[in-house]
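The values are calculated or read from the model by the stated rules, or taken from the named source; none is laboratory data. Everything numeric here is computed off the predicted structure, so don't read it as measured data. Here the Cβ is made from the backbone with ideal geometry for all residues, glycine too, and neighbour counts use every protein chain on show.
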Amino acid sequence: MTKFRVGIIGAGYVSAHHLRALKSLPSVEVVGVADLDLARAQAVAKAFALPNAYAGVDELLASGVDVVHVLTPPAFHAALSIQALRAGVHVLVEKPMAETPEQCEEMIAAAHSSGRTLGVVHSARLDPIVLRGVEIARGGSIGTVISLDFHRSSDYPAWPGGGKLPPQYRKGSYPFQDLGVHGLAIAEAFLGPVNETEIDFRSTGLDSNLLFDEWTAKVNCERGEARLYLSWNVRPIRSQVIVHGTRGVMQIDCFLQTCYVTKLLPGPKFASPVICAMRNAAASLYEVPRNVLRFITKRLPGAPGIHQNISEFYAALEQGAPTPVTPEEGLRLVSAMTPACNKADRQRDALRKEQLTPRPPADVLVTGAGGFLGGTLVRRLVQEGVKVRAGVRRLPKEPLAGVDYLAGDLGDPEYVDVLVAGVARVFHVGAAMKGSAADFQRGTAIGTRNVIDACLKHHVERVVYVSSLSVLEHAVRHAATVTEEWPLEPHAELRGAYTQTKLEAEQMVRSAARERGLPVCVIRPGVIFGPGVEPSSPAGSFGMFGRWIVVGNGSLPLPLVYVDDVVDALLLASSRPGVEGALVNLVDPAWVTQREFIRIAQAARPNIKASYVPKFVLMTASVGIEALGRLLKRAVPLSRYRIRSIRPLANFDQSAVQQKLGWTPRVGVAEGLRRTFAQSPQMPSSALPK
């Protein structure tokens, strides 16, 4: 048996699937992995017990490999494949084969001149469940295949921010190159070679980084027509193929690994769909749990099409046979999608150029201007005649006249540099409020680092940073009165991503003030409320199962502050002399209890449901939830430390904010609640605070 020495080029997420497949082949010895990010290559090498990790492809090729797998972004496929082929090494390259037909042709020429084998990974076409469907179709069970529908939704690993945008965000065509090529390959498997394509794309604006997140295509093949739909918004994520024939319809679910046929049966017209639906439902009761069990026990590998593709590729190498996906097929599919991909890239490049074009000077920048506090601040500044630049995730449908809006992601340092350049004052309000840990890291921590660097580079006169009371320790009471010297949270990782990244960001800001001369005032507001924002579960509670779960009997006071009063404080911090380096907590001295706030909110929003749960009950439940998290090796939403920390802080010392900013609430809690809820038609006047 031939023994192939194999190297991996590219240590991204797909490398794990390739390495698991390679480890299962007795004819393969993986000798190392190369990546421009050596640390990432070393991590992959350690995870899969590989002997070597390389920072460059030259070192890998010099190690005596027989085959390399090219697993980089598509922009590098051609150059790396040609380099390896000319070095006398066989190549298996991930889809798409390359970015342009010309690159594909150069790769094919290099393979011919070197006498080496060039194969392409089209894992969707070689998915075992798709192969089963092809076999059924060829057997005639559904008659002559007329058309096909391919539906695929997806997401991308959350970007933690910093450095260059990831490939999926840099290129407008990346989504179709990534998944549309799967649809084209599957269409060919059932309907023959692709002749023509009509590909359309659009942006929903739901992701400010992934520009074109909805794609459709009409594909004319040799024996019929296919329709493709790709979405990065549809949930739950799906990967389905529907094959339409003259005597039946076949439904393939690539995630569940199921394939069911509804075919024409003798008897009345309604009998066929009824009988087949019952039969398929019965089959799913067996097959779906069976496949889940196979996946858990690793008898069904993740990305089974990659395993099939790799297994067949090495069998072809041993036998001197054609590869399962030939370079000619790869070229044909790249040619089919190139016109639309070029169009998407041109549009993305034009928008990026516009985004990074220097803006006209402005008096003030507000980050997070699309949020509740940031939007309120922008409106006040406009009313006062201030020239405002607004950093937003996406452009508003009804922009304010005279405001220079610039959409982008605070985790993108190039965008932030343009955002900050040419302004005198910066209100850094923007932060992540939801999403994954990486989303919080990018939107809050890395975003703040980018803002700090840009403010120092462009010599901003004053920065006002909006922090949060969540950075303070809540689990332990240190004194009767909460001052600015209250201890910071010692276990932020146990409180969740919001607390963790807000604490990291505040520490960055204060460190920059001390060590780099950043002219900043830090404000930690309490729970901000006001008209135009839906009431959320108050401090000392959390939302679950459509209810507000209050820890205890609801008697604790809330650290509230009305939104207009917060804006007053921000404006004072931006203009008052001598507050550089200052830090103040911002809480209204008046307060209401959790139960009182919930009563008012329920009067205005009758659909709000609240439950008061004794602390010991939740502590007991969290023990079991923590145990489950350890078993699954995943973070859990409820822990004993979170329950201890969930109670609100109260009795705030007002001296720092009064002395440093000269602030006292102009509106106050009682009037603020009236303004917030009085317009609700369900709200009886008797429910409002006097």
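Quick notes
- Residue in region 483-492 that is of a type in the set (Val, Ile, Thr) and either modelled with pLDDT under 95 or more than 24 Å from residue 436 (Cβ to Cβ) (or both) present: yes
- Residues of region 107-118 classified as part of a helix (DSSP H, G or I) and buried (at least 16 other Cβ atoms within 10 Å of the Cβ), total: 5
- Residue match in region 608-620 (condition: surrounded by fewer than 16 Cβ atoms within 10 Å (Cβ to Cβ), without any contact (Cβ under 8 Å) to a residue 60 or more places away in the chain and polar (S, T, N, Q)): yes
- For region 530-542, the criterion of being at pLDDT 90 or above and surrounded by fewer than 22 Cβ atoms within 10 Å (Cβ to Cβ) is satisfied by at least one residue.
- Of all residues assigned to region 157-167, none qualifies as being in contact with a strand residue (DSSP E or B) (Cβ under 7 Å, 6 or more places away or on another chain), at negative phi and not in a loop (DSSP other than H, G, I, E, B).
- The residues on offer are 333, 351, and the sole one that is assigned to a helix (DSSP H, G or I) and either without any contact (Cβ under 8 Å) to a residue 40 or more places away in the chain or within 25 Å of residue 438 (Cβ to Cβ) (or both) is 351.
- Per the listing 411, 391, 402, 430, the residue uniquely closer than 22 Å to residue 569 by Cβ, assigned to a loop (DSSP other than H, G, I, E, B) and out of contact with any Cys (no Cβ under 7 Å at 6 or more places or on another chain) is 430.
- Residue count, region 538-574 (criterion: free of Cβ contacts under 8 Å to residues at least 40 places away in the same chain and either among the acidic types (Asp, Glu) or in contact with a strand residue (DSSP E or B) (Cβ under 6 Å, 6 or more places away or on another chain) (or both)): 0
- Across region 39-57, the number of residues qualifying as of a type in the set (D, E, K, R) and either under 11 Å from residue 11 (Cα atoms) or touching a residue at least 40 places away in the same chain (Cβ under 8 Å) (or both) comes to 1.
- For residue 229, the requirement of being among the aromatic types (Phe, Trp, Tyr), crowded, with 16+ Cβ neighbours inside 10 Å, under 23 Å from the mean Cα position of the chain (by Cα) and at pLDDT below 95 is not met.
- Yes/no for residue 324 being within 27 Å of residue 118 (Cα to Cα) and either of a type in the set (A, V, I, L, M) or outside the structural domain of residue 170 (by TED's automatic domain parsing) (or both): yes
- Candidates 644, 605: the one that is touching a residue at least 24 places away in the same chain (Cβ under 8 Å), closer than 17 Å to residue 537 by Cβ and surrounded by 14 or more Cβ atoms within 10 Å (Cβ to Cβ) is 605.
- Of all residues in region 268-317 being among the aromatic types (Phe, Trp, Tyr) and assigned to a helix (DSSP H, G or I), the one that is farthest from residue 20 (Cα to Cα): 286
- Scanning region 286-325 for residues that are in contact (Cβ under 8 Å) with a residue 60 or more places away in the chain and under 28 Å from the mean Cα position of the chain (by Cα) yields 301, 302, 303, 304, 305, 306, 307.
- Residue in region 457-468 that is among the hydroxyl-bearing types (Ser, Thr, Tyr) and assigned to a loop (DSSP other than H, G, I, E, B) present: yes
- Just so you know, in region 5-36 the residues that are in contact with a helix residue (DSSP H, G or I) (Cβ under 6 Å, 6 or more places away or on another chain) and under 20 Å from residue 179 (Cα atoms) include one that is surrounded by the most Cβ atoms within 10 Å (Cβ to Cβ), and it is 11.
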